[in-house]
Amino acid sequence: EIFICHNGDLDFFNIGGSWYETGDVQEWLERVTETSMPATVDSAAIAGIMDLQRCQGCWPLAVRFGFIFAINHTGINYEVPSFDVFREVAQIFDKGFQDILRSFPSEVLARGVDEFAFDAIQGNIFDMSAHSGFDTVESVEPNSKADRSNSKARRTRKTTDPLFNSGTRPGEGMTWWQIVAGKRRDVKLAVLRALATNQQTLFGLDVENGLEDFVTAVVSAFFDNDLFHSVRRFLTSARGSFGLGISCSLDAGRQMVVAARGQTISVAFYPKLGLVLYGSEQAAVKAGLGFKAPPGTASEVYNQNLGPAMRLDLDDLGGEITLIDWGKEKLQLAPKE
């Protein structure tokens, strides 16, 4: 689920190289997402566009992204396959992805990584990539004590430590997601090799007609389209005025994005309070100043000097995006090709 706090207007959005007004975009979103428009406000349209863009770690969503944005369609009234079709195509990508992953243990263990840790995260990768991205926990029936321990580790990581936000492991300078993302070229070649072996086309595309570009777009979206990258893509293709606060249920445990272009946005940080405020008015983010503890709260903790406070005013003229991340480990994004 995508959550939008929006001050401003979405006037136009670029689809396939052409600009369309909000009403046309809303009708197009109903077809490509197979979801009725929840409201006529343009903020709902932004949420729909972000739903198409935010597909890191999920092959079916990445395939849908590739079909919509990497294939040359005529206009926006083209026929859109059901999401079940995207799931089927995603199995081809997932198969190539898993084949690459199976080459990892000896390679990664040579760097001093614990085998149990690798097994747990590898299971997480399989579960995340094989499903639509909306499932959070998959039940596992363990047969042994070791299996029960491993099953518990997988469930814990899936709910509290998403793969693409995980921290570094002993002996490693990169996150697990960075290590895997470094193999994106191998994944792309594995998919193209499988399609060539089976003489298979995708959505009418073949080797001479855009198939490689489509596969490249899908693999890149799978690795790169996190919340920050998706917001950047949206603002690149949108025209209007935007003061945005955006979060996604996949990332809400540790991050959100605020962005400004044509509308003001300020962010205030109160380190001792553990508080971050954002709003379209500078005065609004001053709410933490002079904060007093509510009745019954330990006053020695709260009613003290809570400074310093810091405020960031985003560049609303040139446009600016800020990722706010409060994860315990340092955030490391997947490397781009």
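The values are calculated or read from the model by the stated rules, or taken from the named source; none is laboratory data. Computed from a prediction, not measured in an experiment: that's the story for all the values here. Here the Cβ positions follow ideal geometry from the backbone for every residue, glycine too, while neighbour counts run over all protein chains shown. These area figures cover heavy atoms from the full protein model, side chains too; ligands, DNA and RNA do not enter into them. Shrake-Rupley method; radii C 1.70, N 1.55, O 1.52, S 1.80 Å.
Report relative contact order for segment 233-279 in percent, whole number only (criteria: Cα-Cα under 8 Å, sequence separation at least 6).
The value is 29 percent.
Using DSSP to call loops (not H, G, I, E or B), can you name the chymotrypsin sites (Phe, Trp or Tyr not before Pro) in segment 52-88 whose Cβ has at most 15 other Cβ atoms within 10 angstrom?
Sites meeting the loop and neighbour criteria: 78.
Is the shape of segment 180-234 rounded, prolate or oblate, going by the alpha carbon gyration tensor and its root eigenvalues a ≥ b ≥ c, with a/c under 1.5 for rounded and a/b larger than b/c for prolate?
Since a/c reaches 1.5 but b/c is at least a/b, the shape of segment 180-234 is classed as oblate.
Once the whole set of protein chains is in place, how much accessible area is left on residue 1, using a 1.4 Å probe, in Å² to the nearest 10?
The value for residue 1 is about 140 Å².
Roughly speaking, what % of Cα-Cα pairs in segment 1-49 are separated by over 13 Å, rounded to a whole number?
53 percent
Taking the full set of protein chains and a 1.4 angstrom probe, give the accessible area of residue 256 in square angstrom, rounded to the nearest 10.
30 Å²
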